């Protein structure tokens, strides 16, 4: 069995504080019951489940958090937020990770790269919501 | 007749014209007329879940303040703005609740609205048209107006996420809703219950991660079909687009060759109440519901007689 030593310094604490500030949630409220992951309709498409991502945020593992696709697969359907026994707005935590990326001058979707055909075909409700979630 | 200030939202003017036209036609029949706001803007479609972004909260408040102005010109109108789109409904409602609790946010937003001589005083209520049907009109009155009961249609209600989530914006119980079910039954159709009634369709991922949407839609549609449904009823233009369009793609690329049509709840009401078929805009649908309706004798009957 191999062990991985985790660093828990200023950088990690800053990351946690930033996520808590953006989301307005207390990340340590989570006691890892896993109800959010169990009920998440997108769990099969995530490389880390929602509760795993929350655990990584709790221990400040910024790089691993940002490398996951979990927060980009989340579509804010809010099933997890409604069901959380600790009343955490879990979807807000996912939004906070997304916003953390976007505020660092990062764009998940580059609008100019979408083909004109697709823009004509797609309903505006899809485009507006996508751009609001995936561009800074 | 009670008149309601009605906020359409962007999609009802483009992809979901049938949703709007049928809703307005039906609303006149049941004495709860929807009158469109003269000036409105996009509500932003999705609510921001961040705690510190005020910019994304301005648009919904602007809608609410404009609706307040609109009400002064209406007859017997309660302080309510009515939406048809479930995403508009949840966005407006959440922000409305937030500013009621947080005077500071409201002041900051009102400061931004000052330029256009608008101000919001937290005195509006957001209602979805389904709530008006349930609470103000009542299902009995709806079934009285039915002239063409939807016999033969086996309809599975699909709520999508935004009608039932989050806690402060839900229109019905989040795990056991019955508003669409009761409506479908009052129109004389057969009800088919599917466990995936609020299984998210993938929403805005349709733009850049279509694989997510297609796998979600496959599960939703198969669950309904396995239980005998021959149509789905929805209240959200994005759910409707995703399910409709992905089924067509599925019929082309996979073994799932028998798609089922997707209706808006107002379209079913319009058919049951004998409104002209034209206002349904079935041409905008990817899976045309007309063959099914003709087979069941629900439309086009008058011409043959």
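For the reader, a short list of remarks on this structure follows.
- Gain on full extension, evaluated as 0.36 nm per residue between residue B:136 and residue B:257 minus their Cα-Cα distance, stands at 39.4 nm.
- Residues B:92, A:53 in ascending order of nearby Cβ atoms (within 10 Å, fewest first): A:53, B:92.
- For the protein assembly as shown, the mean projected area of the C-alpha convex hull, equal to one quarter of the hull surface, is 23.8 nm².
- Mean separation of Cα contacts under 8 Å (6+ apart) over length of the range B:145-304, as relative contact order %: 27 percent
- Helix B:17-29 vs. chain B, principal-axis angle (Cα, 0 to 90°, nearest 10): 80 degrees
- Per-residue Cβ neighbour rank within 10 angstrom, fewest leading, B:49, A:6: A:6, B:49
- The distance separating the Cα centre of the range B:14-72 from that of the range A:69-136 comes to 22 Å.
- Peptide B:207-213 - average C-beta neighbours from other chains (10 Å radius): 6
- Per residue Cα convex hull volume in Å³ - calculated over chain B: 131 Å³
- Average silhouette area of the range B:164-305, convex hull of alpha-carbon atoms, in square nanometres: 9.5 nm²
- With the helix formula -39500 (n - 2.57) applied to DSSP H stretches of n ≥ 4, chain B reaches a computed 222 nm mean residue ellipticity of -12500 deg cm²/dmol.
- Over all distinct Cα-Cα pairs of the range B:137-220, the Kirkwood formula returns a hydrodynamic radius of 14.5 Å.
- Shown for A:10, A:45: other C-beta atoms within 10 Å of each C-beta, ranked fewest to most, produce the order A:10, A:45.
- Residues residue A:6 and residue B:222, FRET efficiency given R0 of 45 Å [Cβ-Cβ distance, rounded to 0.05]: 0.55
- Across peptide B:36-49, the average count of Cβ atoms from other chains found within 10 Å of a residue's Cβ is 4.
- By the equivalent-ellipsoid construction on the alpha carbon gyration tensor, the range A:19-126 comes out with semi-axes of 27, 16, 12 Å, ordered largest to smallest.
- The angle between the Cα long axis of helix A:10-23 and the longest principal axis of the Cα atoms of chain A comes to about 50 degrees, rounded to the nearest 10.
- One chain, two ends: residue B:146 and residue B:175. Fully extended at 0.36 nm per residue, the span grows by 7.5 nm beyond their Cα-Cα distance.
- Using a cutoff of 8 angstrom between alpha carbon atoms and counting only pairs six or more residues apart, the relative contact order for chain B works out to 19 percent.
The numbers here are math on the coordinates, done by the rules we state, and not lab data. What you see is a predicted model, and the numbers here were worked out from it, not measured in a lab. Ideal geometry is used to build each Cβ from the backbone, glycine not excepted, and the neighbour counts take in all protein chains shown.
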